[in-house]
Structures are given as structure tokens and as C-alpha cells.
1. Which of the residues belonging to region 224-236 are part of a helix (DSSP H, G or I) and surrounded by 12 or more Cβ atoms within 10 Å (Cβ to Cβ)?
2. Cβ-Cβ under 7 Å, sequence separation 6+ or interchain: first residue in region 13-26 and over 13 Å from T253 (Cβ atoms), partner in a loop (DSSP other than H, G, I, E, B) and aromatic (F, W, Y). Which pairs?
3. Out of the residues in region 67-78 that are crowded, with 17+ Cβ neighbours inside 10 Å and aliphatic (A, V, I, L, M), which is nearest to P201 (Cα to Cα)?
4. Please give the number of the condition P176 fails out of (1) in contact with a His (Cβ under 8 Å, 6 or more places away or on another chain); (2) modelled with pLDDT of 95 or more.
5. Any chance you could count how many residues in region 483-517 are closer than 20 Å to Q74 by Cα and without any contact (Cβ under 8 Å) to a residue 24 or more places away in the chain?
6. Is region 5-14 home to any residue that is of a type outside the set (V, I, T), over 30 Å from the mean Cα position of the chain (by Cα) and under 17 Å from H196 (Cα atoms)?
7. Is it the case that R248 is surrounded by fewer than 19 Cβ atoms within 10 Å (Cβ to Cβ), closer than 24 Å to D89 by Cα and not assigned by TED's automatic domain parsing to the domain that holds V60?
8. The conditions are (1) of a type in the set (D, E); (2) farther than 30 Å from A490 by Cβ; (3) surrounded by 14 or more Cβ atoms within 10 Å (Cβ to Cβ), and D199 fails exactly one of them. Which is it?
Amino acid sequence: MNADASQPYTPPDYVAALDLDCDPFQDRHEARFFYADPALMQRLDLLQHLTRFSEQLLYVRAPAGAGKTMLRQQLQLRAAEHWRLCQLDGAAVNTAAELYVQLSHCYPDAAAENTEHFGSDLIHYCLGLQQVGQLAVLVIDNAERLPAPVLEALLGLARSPAETLKALRILIFATPELDPTLQSLSLKSPGESLVHTLDLPPFDEQQSAAYLMYQLAIAGYSGDSPFSATEVRAMHKTAGGRPGELNRLAHETLLEQGLQRAAARRPAGPSRSRRGRWLTGFALLAVAGIAIGLWQLDTRAPALPGLEEQTLQLPPANPLAAGTDTPAPGPDPATPSPPDTESVSEPADPAQAPAAGETPALEAELSPAVPAPSVGETPAEAPAAPAPEAAEPEPPAPREQATAPAPEPPAAQAAPAQTQTEAAPAAAARTRASTDTDSTPAPDWLADQPADHYTLQLLGARDPETVERFLARHGDEAKLHAIHTWRKAAAWHIVVTGSYPDRAAATAARGALPAALRQLQPWPRRFDQIRAELPPAE
């Protein structure tokens, strides 16, 4: 155990892949990760009310991983100023003597733990606190691990459990495994039970999806959910709507996604190498083929002078006969005019070979959009146009005219790009103009706030238009302030509301927000933290 504690914590790979500040699904209980679901907030308000006015043992019951510890933590953060809180862990109390020691540490003015009348002295002290407007509150987490004799000794501090509960408010957070122990103690007073049980309801599927996104957002994530609807449904079903199990399953799912991405990238290397080997083989074969072809041409060199005799003058007399000789004389008419090499490589149909002269190739260059009509018309015009009359100097000029408009599309495409680049500063300007919805600009308002005070952050986004739409939708519901910050070497826009002296006041103020803003689950932030994220001065 000590070896594990000495090892430094290494965040999982998905923290960097999702650009997170920390692991949102780590097994911990930080107050900022508390998901204030309306059902949980209702239980929290009820607990506060019962702690003040009820004289029963308050039993918060839920299975493991259902959020009992986070709820207990929120209750302590929202404790009234006149409460004298004492928090114990049921796993650390095994005997009545250990219980008395820990109670004496919480209430040192009551009595020493080794006195014979410790129980009566403590009850007398708690009743004295009520006389001066204060209330002794004992909160026990993991109470299912309390041995029955310890729980019996706790309720027996006074002459009866009812008198103990009148002087000392006791709240226990436990799993249903504690039920048999409570039943064995027969905690009943005439007319009513001394135990008030509150069950924590599990999340439904929609709440589970919202909970996962809330954890990611607190860790710095912005964007669409990394989980598919099928994955969320499977995690919710497996976890039974319990936050602790959702954390574990989300952690495993993100790790699995990372392994799948790595596996998908792994075969890419060998396939590229195999493709390279194939291309190399083809290149070698092509070189060998060219070498063989050149060697064969060299062996046939004596026959070439006979073929090069004025056979090119025959096509006007018999076009069909010229078609049979086209393989050999083809290169000769192409040599005087290099611009025709492209047109020679384009036609692949044998129907173009019988055409006399180079008129089809020239027409194909002048009107590339309609190559079929030019090919179809040349057989009719070919007998009337002898080879010597084909004007070879003229094609280069139309060809340049046809190719001249080609650079225009990039210019046309550059215009929208320029308008987009000009629209970005305009959008930023509109955002800055729209964010100053109050009489005081957001930077001046931020500078006027004390550094140790808190505010409620409602939104964080990279895109300033998101903030603009948010202010347009909710600007009339509350006094909102949009602040431009700098985060991870990029602009980050946030929306906050209110200024509160401490975290507890900011957390309590969430309940006073309009319903639409309350559903966003705003979280408290210190002003000095926000100022630290302001962009560097230019």
C-alpha cells in the first residue's frame, strides 16, 4: 500500500487526447465535481431542514457508488454557522472507547474521554449549546461498517436513544447493509420510529448522460460527447444509474477507445511498406520493359529507313490505308510541333487514326468541353482538307487562349477565403460588443471584484459566436458577464454571473438562478483564478 502511495499518479492517455486539465473519472471526492441534479438538491435541502428541526436518527441509505459521500460533503459545505459539526468515518471506529476518543476531539470542552460519566457530560454540553443558539451535529460516513455495540453506545450516551437524539443531531450515511443492525436496536419511541430514512434515487439514462458530460466539462472538455448513445445506454444499464459506477465505466470506455484508435493506426505502417514494395517492383518492371523495347528497336534499325520514306504523303489519297501505317509515321508529324504532344496522348479511339492531318487534335484542344462532336465531324471534313493545308502555326495561339482562363478559379476561390478571414475579426468584434450587456464592461467589472471572492461560471467555449448566442438567449434572465481569457495557448470565452464572498455563498446562490441557467449546473470560481487566465497584454 505504501509502495502504491509513493508512486506518482500518471493520468490516462485520454486526458491528453481530449485536452483535459485532469482525469474527470478518477476515484476522488472533490466538491467541484458534485453534480447538482434537481433530485439530489431536493434531498440536500430536506437534510438541512431535518437536521435543524428533527429529533430522529437521519439515515441516508443508498448502495455503494450512489453518491453518499459527495452528498455528505455538500451538506457540510452548506452547514449553518451555528452548527458544531463532528465528522466520523465508520471504518475507523471499532469500539466504544474509540468512539469516545473521537467525540472528545470534536468537543474538547465537553469532558475527557476516559471519565466515568463521559456520556452524560457530553449530553449536558450539547444541551448547553442549544441554550445559546448552537447545535451539535454528528455526521458518520460508511456507517454500515460500525459494529452494532458501537452504534448502541452512541445512542446510549443519554438515558435513552430519544434523549440522545434531542441533544445531539446524528446523521449516518450507509448502504442497506446497516438495516439489520438498526432493526436489532429497536429504535422506537412511543408513537413513532426514531429513524428517518432517506433513499438516494439512481439516475435515469438522461441524467447519466448529463452527469458524464458535466464531469468532462469540469475537467476542461468542450465539444460533443466522446461517448456514443449506445455506449451511454450500456454504461447506464450496467451502473444502475450510480455515479461511482458511471465513473468507473466511463474510464474503462475511454481507455478502450484509445486502444481501438491505436490498433486502427498500427496496420497503416506495414501496408504503406508493402505498397512501396509493389510500386518499386512495378517501376523495375517498367524500366526493364523500356530497356527491352529499346533493344528491340535497335535490332530493327535497318528496316527504319524504308519506313521513313515519303509514306506520310499517302493519307490524302487513301485515308484507310494510312490508318494501317499510323504506328510508324505517328512520331514524324509530331516532331515539328511540340505543343501537339498532349493532344496526341489524349485520343485513345482508333477512329481518330484515319483522320488526315492533325485537324482532330487541334479541334480537341480548341474545344475540350465538346470532344465528341469534333471527332465525329472530322471524317466528313477530312477529304476536303489535305495534309499540307493543315495550318500548324495557328494552334498554339488558340491553345493559349483556351488555357488562359484556367488560373481564374483559384482567384475566385480566394475571394471567399478573404471574406472569411475578414469575417473572423468582425465576429469577434460583434461578440465583444454584445458581451458588454451591463453598464460596466466585463474587464472593468472583473477588475473591481475582490480576488478572494467567488462567481458562478455558466459557460466556456472556444467559439465567440457560442457566447454571443448564449447572451442573446439568456441575457434578460440574469446579469451576465462575458470574459475573454487565454487557455492552452488559445482564446477561451467564459460567461459568469454574480459576486459572492465565499464558495458556500456562491454554491447556495445557484438555487436562486432562473431555471434555464440552473439546469446548466454552474460552478463557483475565484476571481483571482479568472484573472490569471486573462490574455497577455499586447
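1. E231, V232, R233, A234, M235, H236 - these are the residues of region 224-236 that are part of a helix (DSSP H, G or I) and surrounded by 12 or more Cβ atoms within 10 Å (Cβ to Cβ).
2. Close Cβ pairs (under 7 Å, with a partner that is in a loop (DSSP other than H, G, I, E, B) and aromatic (F, W, Y)) amount to L20/Y221.
3. Checked region 67-78; the qualifying residue nearest to P201 (Cα to Cα) is L71.
4. The single condition P176 does not satisfy is (1).
5. 1
6. Looking through region 5-14, none of the residues is of a type outside the set (V, I, T), over 30 Å from the mean Cα position of the chain (by Cα) and under 17 Å from H196 (Cα atoms).
7. Considered against the rule, which asks whether it is surrounded by fewer than 19 Cβ atoms within 10 Å (Cβ to Cβ), closer than 24 Å to D89 by Cα and not assigned by TED's automatic domain parsing to the domain that holds V60, R248 comes out as yes.
8. All conditions are met except number (3).
The values are calculated or read from the model by the stated rules, or taken from the named source; none is laboratory data. Everything numeric here is computed off the predicted structure, so don't read it as measured data. With ideal geometry, Cβ positions are generated from the backbone for all residues, glycine too; neighbour counts draw on all protein chains shown.
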